[in-house]
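The values are calculated or read from the model by the stated rules, or taken from the named source; none is laboratory data. Fair warning: this is a prediction, and the values are worked out from it, not measured in the lab. Note that we place each Cβ from the backbone using ideal geometry, even for glycine, and neighbour counts take in every protein chain shown.
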Amino acid sequence: MQLLSQVIDRLILLTKSILPLVILGIIGGNILIEFGLTKKLSKPIKPFLRISNLPDKTSAPFITLIASGAAAYSMFSNFYEKNYYNEKQIIVAVISSTFFSYLGHIPTYYLPFVLPVLGLKTGLMYLSIELFVGLMITLTGALIGYRKLNEPNEEKDDIRGFEVKHDWRKKIKSGTKKSIPTLKKIVPRLVIIYLVASIALSLNLFDPITNFSEPVTKLVGLPGESSTIIALRFVDVYSSIILAGNLLSEGVLTSIQIILALLVGGIISIGIFFFRYSLPEDIAYFGAETGTKIALISLIAELVFRVFIILFVFIIF
């Protein structure tokens, strides 16, 4: 009876405090995209491109990354095929665009999902660290471009992305409609993982995993309970965030321990993500040789800065 009461209380908390924010955030993010967020940010990107020795006229993919990774990479690929970029330029361009990709996840992932699940304090700390990693990778790419690329010869013509004009009602309807597939994936997963985690916590089912992994997690100053987050991160990002939020709300782990667990899990999952997504997609967009170079450089840069952040957090806190 006590178990049932605890589970019901947690599900009520999920329904009242988390789910509404997740649903509103996902729909709101898609509506903002429909209203042309990318166009408003097109001018500030040009000075950055000049520092990186990339053509001004190829700013569209950088801004489009905030709205759609697939669309942006299609633009990059198109520019590369049409020789607006040579191989060195396309490598620098894709590496330098990392931060804009991270920005694109704010309205669709961090604001509607991570912050409600982890809470404002922990969520903002985690978001800040993720943005810092993306910014460092982007600055690394820009520095490479500044040092290794020649100043581009700009032509008078311009490359413009197409923009479909709708009235505000159609934009809201379109943004809401585009949210449905995401909601169908996230909401059931959120409820199921939260339910399972609540039952497991009440029954102390995480204790065997904790005891088994405790020597490993202690190496990075984490309690054994954090291993469940790391293991889930390896399988599914959303599930690891949900479990982290549950462990945080129950007082099992502190904010810093949650963030470290997510970062360590992120490093472990990078290899899987590389072979499942990054490498195949980069090869598909840019060919085997160039695509492999882009994927490997991105992987190394991300690993370096994530390890640096983990060591910094571990030492400071």
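Please verify whether Val196 is more than 22 Å from the chain's Cα centre (by Cα) and at pLDDT below 85, treating the condition exactly as stated.
Values: more than 22 Å from the chain's Cα centre (by Cα): yes; at pLDDT below 85: yes.
Answer is yes for this residue.
Those residues that are outside any helix (DSSP H, G or I) and modelled with pLDDT of 90 or more, I need them from the range 103-146; list them, please.
Listed by number, the list holds a single entry, Gly119.
Could you say which residue among Leu201, Leu232 is at negative phi and modelled with pLDDT of 75 or more? It would help to see each step written out before you state the result.
Numbers: Leu201 fails: modelled with pLDDT of 75 or more.
Of the residues listed, the single one that is at negative phi and modelled with pLDDT of 75 or more is Leu232.
Report yes if Glu281 is of a type in the set (D, E, K, R) and either modelled with pLDDT of 90 or more or touching a Leu at 6+ places or on another chain (Cβ under 9 Å) (or both), otherwise no.
Here the answer is no, as Glu281 does not meet what is asked.
When you check Ile258 against the structure, is it part of a helix (DSSP H, G or I), surrounded by fewer than 22 Cβ atoms within 10 Å (Cβ to Cβ) and not charged (D, E, K, R), yes or no?
Taking the combined requirement at face value, the residue does not satisfy it.
Quick check on this structure: which one of Leu124, Leu65, Leu120, Leu111 is under 22 Å from Ile258 (Cα atoms), in contact with a helix residue (DSSP H, G or I) (Cβ under 6 Å, 6 or more places away or on another chain) and not polar (S, T, N, Q)?
Of Leu124, Leu65, Leu120, Leu111, the one residue that is under 22 Å from Ile258 (Cα atoms), in contact with a helix residue (DSSP H, G or I) (Cβ under 6 Å, 6 or more places away or on another chain) and not polar (S, T, N, Q) is Leu111.
Taking the range 52-83 as the search range and keeping residues that are under 22 Å from the mean Cα position of the chain (by Cα) and of a type in the set (Ser, Thr, Tyr), which one is nearest to Tyr285 (Cα to Cα)?
Ser77
Among (1) among the aliphatic types (A, V, I, L, M); (2) surrounded by fewer than 20 Cβ atoms within 10 Å (Cβ to Cβ); (3) out of contact with any Lys or Arg (no Cβ under 7 Å at 6 or more places or on another chain), where does Val117 come up short?
(2)
Given (1) over 30 Å from Gln6 (Cβ atoms); (2) modelled with pLDDT of 85 or more; (3) crowded, with 17+ Cβ neighbours inside 10 Å, identify the lone condition not met by Ile300.
It fails just one condition, (3).
Among the listed residues Ile31, Ile66, identify the single one that is modelled with pLDDT of 70 or more and not in a helix (DSSP H, G or I).
The match here is Ile66.
When the residues of the range 147-178 are narrowed to those that are farther than 30 Å from Val92 by Cβ and assigned to a loop (DSSP other than H, G, I, E, B), which ends up modelled with the lowest pLDDT?
If we filter the range 147-178 for residues that are farther than 30 Å from Val92 by Cβ, which is where we start, we get 164-178.
If we keep only those that are assigned to a loop (DSSP other than H, G, I, E, B) as well, we get 164-167.
Values: Val164: 47, Lys165: 51, His166: 53, Asp167: 75.
Once the filter is applied, the top-ranked residue is Val164.
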